[in-house]
Amino acid sequence: MLRTIAVLVCVAVPASTASAQNPSGPPVIVTTGQASIDMAPDVAWVSIASEARASTPSAAQQQSAEAMTAVQAALTRAGIGRTDIRTTGYSVQADIERSGGRTRVIGYIARNQIEVRVRDLTRLGSVIDAAGVSGATSMSGLRFDLADRATAERDALRQAVEDAMGRARAIADGARVTLGPIVRIDEQSQFRPVYAREMLAAAAPVETPISPGQVQISAQVTVTVQIR
């Protein structure tokens, strides 16, 4: 019966451990604190590509270059600065047809992909439309984030530590012990931007509606505090 009780105690110990024994020092309390902050995003990134097919590699490259030049010119007119456009991929490959167990090259495909940062989200729809009507063949990877993400992350971490300490104080009060100094703090936070669904470039009669929603910044910490 004593053995069964000991097993249950070990299994039931949660992330917040009251009066845990520290082999190399005084007893401690280990608690886990969490915090989440919801904020409206103020910056977006979108991947835009132009793809061209031709009978020779050079012809495919030329057509893709002309299309991407037109796309970037349209983005500039839509208010996107040069520093907010960067190339993320470029490829030229054979267009292969497979039939009857045989393969043959029927042409070549050139693909040029850029990532665009949009700092004014009120213009995001018009930026996407400008790319679509100027020669882009696909758009994907639209994501929203915070320009000053570091400040939001620190706020979430601060709140998570406060949450952990509040739990530690509650445990100490219940156990009739006094909290001592903090021995250790471990961070397990993961910060991720919000992604929108993929889009296909198309000429729209009205501006493409975009709903950024909110970005959630979450933090989690584990705090170890001495008790006496």
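Looking across the range 93-138, the residues that are among the small types (Gly, Ala, Ser) and touching a residue at least 24 places away in the same chain (Cβ under 8 Å) come down to Gly107, Ala110, Gly125, Ser126, Ala130, Ala131, Gly132, Ser134, Gly135, Ala136, Ser138. Residues that are acidic (Asp, Glu), under 22 Å from Val133 (Cβ atoms) and within 29 Å of the chain's Cα centre (by Cα): does the range 62-72 have at least one? Scanning the range 62-72, I find no residue that is acidic (Asp, Glu), under 22 Å from Val133 (Cβ atoms) and within 29 Å of the chain's Cα centre (by Cα), so the answer is no.
Number of residues in the range 200-228 that are part of a loop (DSSP other than H, G, I, E, B) and either modelled with pLDDT under 90 or within 13 Å of Ala35 (Cβ to Cβ) (or both) equals 15. Does the range 56-63 contain at least one residue that is open to solvent by 30 Å² or more (accessible area, probe 1.4 Å), in a loop (DSSP other than H, G, I, E, B), modelled with pLDDT of 95 or more and over 30 Å from Gly166 (Cα atoms)? Yes, the range 56-63 has at least one match. Evaluate the following for Ala52: is it assigned to a helix (DSSP H, G or I) and out of contact with any Phe, Trp or Tyr (no Cβ under 8 Å at 6 or more places or on another chain)? Considered against the rule, which asks whether it is assigned to a helix (DSSP H, G or I) and out of contact with any Phe, Trp or Tyr (no Cβ under 8 Å at 6 or more places or on another chain), Ala52 comes out as no.
Taken over the range 74-105, the criterion of being surrounded by fewer than 16 Cβ atoms within 10 Å (Cβ to Cβ), under 23 Å from Ile128 (Cβ atoms) and in contact with a Ser or Thr (Cβ under 7 Å, 6 or more places away or on another chain) is satisfied by Thr88 alone. Test Asp95 against the criterion of being among the acidic types (Asp, Glu) and within 30 Å of Arg149 (Cα to Cα), and give yes or no. No; evaluated as a whole, the condition is false for this residue. Among all positions in the range 131-147, there is at least one residue which is of a type in the set (S, T, N, Q), open to solvent by less than 40 Å² (accessible area, probe 1.4 Å), farther than 22 Å from Thr222 by Cβ and assigned to a helix (DSSP H, G or I). With respect to being part of a helix (DSSP H, G or I) and at pLDDT 95 or above, Ala172 fits the description. Restrict the check to the range 73-91 and report whether at least one residue is farther than 30 Å from Pro41 by Cβ and modelled with pLDDT of 95 or more. Looking through the range 73-91, at least one residue is farther than 30 Å from Pro41 by Cβ and modelled with pLDDT of 95 or more. Within the range 25-55, the set of residues being open to solvent by 60 Å² or more (accessible area, probe 1.4 Å) and closer than 30 Å to Gln216 by Cβ comprises Gln34, Ser36, Asp38, Met39, Ala40, Asp42.
The values are calculated or read from the model by the stated rules, or taken from the named source; none is laboratory data. The shown structure was predicted, so the numbers you read here are calculated from the model rather than taken from an experiment. Cβ coordinates were reconstructed from backbone atoms using ideal geometry, including for glycine residues, and neighbour counts include every protein chain displayed. The area values use the complete protein model at the heavy-atom level, side chains included, leaving out ligands, DNA and RNA. Shrake-Rupley method; radii C 1.70, N 1.55, O 1.52, S 1.80 Å.
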